[in-house]
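The values are calculated or read from the model by the stated rules, or taken from the named source; none is laboratory data. Everything numeric in this text was worked out from a predicted model, so none of it was measured. Cβ placement follows ideal geometry from the backbone for every residue including glycine, while neighbour counts extend to all protein chains displayed. Keep in mind that these areas ignore ligands, DNA and RNA; they rest on the heavy atoms of the full protein, side chains included. Shrake-Rupley method; radii C 1.70, N 1.55, O 1.52, S 1.80 Å.
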Amino acid sequence: MDVNLLLPVIFIPAGAGLLILLLPERVKVVQEVISFIAGSIMLAGTIYSFFFHTLPVPAPFNEVFRSTSFSSFLLMIAAGFGFFITLYSISYMWKKERRRQFYAFLLLALAGTAGVLLSDHILAFLISWETVTLALYFLIIGGEQGAQKGATKSFIMLGATDGLLLFGLALLWQISGKVLFSEMHISTNTWISGLSFTALMISAITKAGAMPFHTWIPASSEAAHPPAMAVLPASLDKVLGIFFLFTLCNRIFVIGEGFQIALLVIGCITIIGAVLIAMVQHDLRKLLAYHTVSQVGYMIVGIGTLSPLGILGGLFHMINNSIYKSCLFLGSGAVGKKTGTFELGKLGGLAKAMPFTFIAFLIAALSISGIPPFNGFVSKWMIYQALLESVKSGTLSMNIIGTIVFIVAMFGSALTLASFIKALYSVFLGQKTEKTQTVLKEVSFAMWIPMMTLASVCVLLGVFYLFFIRNILGPITGLTPVFPGVWESSFAMVLIFTGFIIGLLIYLAGKIVRSSRVVEPYIGGEQENPEVHRVPGTDFYTVISNMPVLRNIYKGQAKEYLDPFEWFGKLGDWIIMIFKKIQNGLLPWYLSLSLIGLVISLVLFLSFFITF
């Protein structure tokens, strides 16, 4: 069966998105139906393409787009996220404003993602990349009140680094004389090739959300709808940024030790810097946003090892992060929809009322924290092993850097777990609050099915990781890693499941046979106030932000000293001030400037004439 690959993965989602934009605002249900059908077709097409490899790219597009096993696999993942986000959004977005805009740009983002993953031509890649950036802007701006600021910041930061992308691609074309990525293989041993790699690398890590170009993600999370955060900053943007970084480091360029160390340092700073900021966040969305940034550090470190095991670990972590991070954002959306707030101090006791959301959030939280037997542990474990191998076989500088990065990565994982203990306790396990007292039942099945599905994948990829790596991810990337050690996940899963069953039986026995007497606590005859006697899950972490070593870091972060957006904003204000001083309205001053300009022009003209 010969079917056009571009039809189900690019043209149908893009056409459906444009069609939804043309529909009048008063039309209801139609946008949901169109989005669901287009998302289903895209998912079906990508699944068929990956498993049967019978969806060719037809002429003349085969000179622009190129389908590989790896790109087909990532397309399938992207389409899967799009499908589940659409299903989730049918319920979440039902009474929200700008639903038409949300579904339209969700489909355009998916079409742009497919274009990036399939593009072999520089121009097609650039157009597809910009399509995703534009779609992200409109998805964020369609959020709650105040979304304009985050959307603008995201668009400016990504747009600025997209300028670097254009510059780097132009240098790439100049160096190689080619326009197809598959025909390029360039060493970074010259200044111009090094400059090209640097520009393209900055664009890739900004899209992924690495420090210091990360601040657009937390800014977006403050007002964007959780489904929008789940589909782009949490999943698709990570896939595109890391996929492009992988392509740069392993297919287009041959990078030296200097750039390798730079990648490891960037990854190391991203891991520890973002997780420290995440720990003290009291807004669930911002907490998840900073953890989104922190996890990018592990991916960059994995690729920066330049070993098959590390690169495969980084790519595996990219896939894992997209799964559990989307699950976490969807879980936060379910909590926000039921309670009307994302403030951790106002939440608590939702586990019994929202069991599916709690279970999915718990599994995803354990996954991102690197706890076995979930998928996040496996990919981090592969990166740790690759770092240790690089320490053994590398130069002195690599030994030092590798050791530091290994320690930081381990410490970052521990801090991630501490941060999510706070989130789990504050949202699900603590005492109920005024906001959560009225929550008596779970969200609709259209919302909890995507969460539970993603949580189930976290378990499956954690337990059957060897099958996935050796039979799917390794072959499609062309990487054959050598594992220094193999974790026996199946036996550990049996032990964990056995412990769970024993614990459940003990709990049920306690419910049936209850010999203890339960009475109300005596508080001196006073009327109990639940809010007064409540123990919030955020107090301990407030103490951390006041520790002497960390206090100044947190103050600097709060004042946005570490934000490149603010740096360039202040530079722009300074330039504007200079021009205001120059434009003073005095005629003699303008005549003097004109005379100076004339002299400079004359000197340049004469120097050019004398040279030739």
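If I ask for residues that are charged (D, E, K, R) and either within 15 Å of LEU172 (Cβ to Cβ) or open to solvent by less than 10 Å² (accessible area, probe 1.4 Å) (or both), which ones from region 239-257 would you list?
Selection gives ARG251 alone.
If we keep just the residues of region 371-395 that are under 15 Å from SER413 (Cα atoms) and among the β-branched types (Val, Ile, Thr), which is modelled with the lowest pLDDT?
Out of the qualifying residues, it is ILE371.
Among the residues that make up region 277-291, is at least one of them touching a Ser or Thr at 6+ places or on another chain (Cβ under 9 Å) and within 30 Å of VAL179 (Cα to Cα)?
No, the conditions are met nowhere in region 277-291.
Listed here are the residues, each with its yes/no results for (1) loosely packed, with under 15 Cβ neighbours inside 10 Å; (2) in contact with a Gly (Cβ under 9 Å, 6 or more places away or on another chain); (3) at positive phi; (4) modelled with pLDDT under 90.
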| residue | (1), (2), (3), (4) |
| --- | --- |
| VAL459 | no, no, no, no |
| THR477 | no, no, no, yes |
| THR480 | yes, yes, no, yes |
| SER489 | no, yes, no, yes |
| VAL494 | yes, no, no, yes |
| LYS511 | yes, no, no, yes |
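Consider region 431-442. How many of its residues are of a type in the set (S, T, N, Q) and open to solvent by less than 30 Å² (accessible area, probe 1.4 Å)?
The number of residues fulfilling the criteria is 2.
Tell me, yes or no, whether region 293-300 has at least one residue that is in contact (Cβ under 8 Å) with a residue 24 or more places away in the chain and surrounded by fewer than 24 Cβ atoms within 10 Å (Cβ to Cβ).
No, there is no match, as no residue in region 293-300 is in contact (Cβ under 8 Å) with a residue 24 or more places away in the chain and surrounded by fewer than 24 Cβ atoms within 10 Å (Cβ to Cβ).
Could you say whether any residue in region 221-228 is over 30 Å from ARG99 (Cβ atoms) and open to solvent by 10 Å² or more (accessible area, probe 1.4 Å)?
no
Can you confirm whether VAL30 is in contact with a strand residue (DSSP E or B) (Cβ under 7 Å, 6 or more places away or on another chain) and among the hydrophobic types (A, V, I, L, M, F, W, C)?
Answer is no for this residue.
Among the candidates PHE428, PHE445, which residue alone is within 26 Å of the chain's Cα centre (by Cα), open to solvent by 60 Å² or more (accessible area, probe 1.4 Å) and of a type outside the set (Ser, Thr, Tyr)?
Of PHE428, PHE445, the one residue that is within 26 Å of the chain's Cα centre (by Cα), open to solvent by 60 Å² or more (accessible area, probe 1.4 Å) and of a type outside the set (Ser, Thr, Tyr) is PHE445.
Go through GLY340, GLY273, GLY314, GLY267 for me and flag whichever is over 20 Å from PHE468 (Cβ atoms), open to solvent by less than 10 Å² (accessible area, probe 1.4 Å) and not aliphatic (A, V, I, L, M).
Answer to the selection: GLY267.
Here are some residues: LEU347, LEU328, LEU362. Which one is at pLDDT 90 or above and surrounded by 24 or more Cβ atoms within 10 Å (Cβ to Cβ)?
Answer to the check: LEU328.
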